[in-house]
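Readers should treat all values here as calculations from the given coordinates under stated rules, not as data from a laboratory. These figures come from a predicted structure and were not determined experimentally. Quick reminder, even Gly has a Cβ in these numbers, built from the backbone with ideal geometry, and neighbours come from all protein chains shown.
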Amino acid sequence: MTTPARTRLEPHDRRAQIIEAVRPLYLQHPYDAVSTAELAAAAGVTRGLINHYFGSKRELFVEVMRSTIRMPEDELPDLSALPLEDRACRTMDWILRAAETYGQAWVSVSGAANLHGNSDLQEVVDEADDHAARLTLDALCLPDDPHRRVRVRTLAPLVKAVCREWLERGTLTRDEALDLLTETVLLFATKETP
């Protein structure tokens, strides 16, 4: 029996390949239920390579979670020519499309907020929420001052809850979710800063 030839990749590409390959394991099973051997097998690499690129199974898990919940900024269109209300509606529609695209995984992982204090995963969620707040302010063409960003960042749990109600529970329609988020982001983002 011959061993399949391995493809040599640049370090960044190999890390990305490993993250994509193991993502389904972490989204389908609890962290503790997945072994390093299973991760290596899914990625088609050795356990040593997992440790080389990520240091530990936990660090790989954190990177998978980071890449799962971070909003993809390259897909947000330029909305600067539109009135504020339209920019808000289109921005919230973009977020809902991202939730549809990433589906259950994004909603579950990004909404796993009760992560028990200052854990490495809470830092990932906080980083993703801050990134999403910055993207939202950019899309709304509003200044990114600290007070305004805090107000928009506090919407993150609401966005996640609305997406859960819509995608998981079916208690909101997409249009209802869009209206609720649009009204709320306008309320929170447009209040004058002190």
Exercise for the section: With a point put 7 Å past each Cα toward its Cβ, work out how far A81 is from N51 in nm, to one decimal. Expected result: 5.7 nm
Problem - Residues whose placed amide H lies under 5 Å from that of L79, excluding near-sequence neighbours - result: none
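Quote the relative contact order of region 11-68 in percent (integer), defining contacts as alpha-carbon pairs under 8 Å separated by 6+ residues.
Numbers: 37 pairs, mean separation 21.5, N = 58.
Relative contact order here is 37 percent.
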Practice task
Order the peptides 123-129, 10-16 from the highest to the lowest mean number of other Cβ atoms within 10 Å of their residues.
Solution key: 123-129, 10-16
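Based on the Cβ-Cβ distance from E168 to R8, what FRET efficiency comes out when R0 is 30 Å, to the nearest 0.05?
Using R0 = 30 Å, I get an efficiency of 0.10.
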Handout entry: Spatial separation of Cα centroids for region 29-61 and region 81-98, in angstrom
Key = 38 Å
Handout entry: H131 versus A37: modelled label distance in nm, points set 7 Å from Cα along the beta carbon direction
Key = 3.4 nm
Exercise for the section: Please give the length that would be gained between T154 and E100 if that part of the chain were fully extended, namely 0.36 nm times their separation in residues minus their C-alpha to C-alpha distance (nm, one decimal). Expected result: 17.3 nm
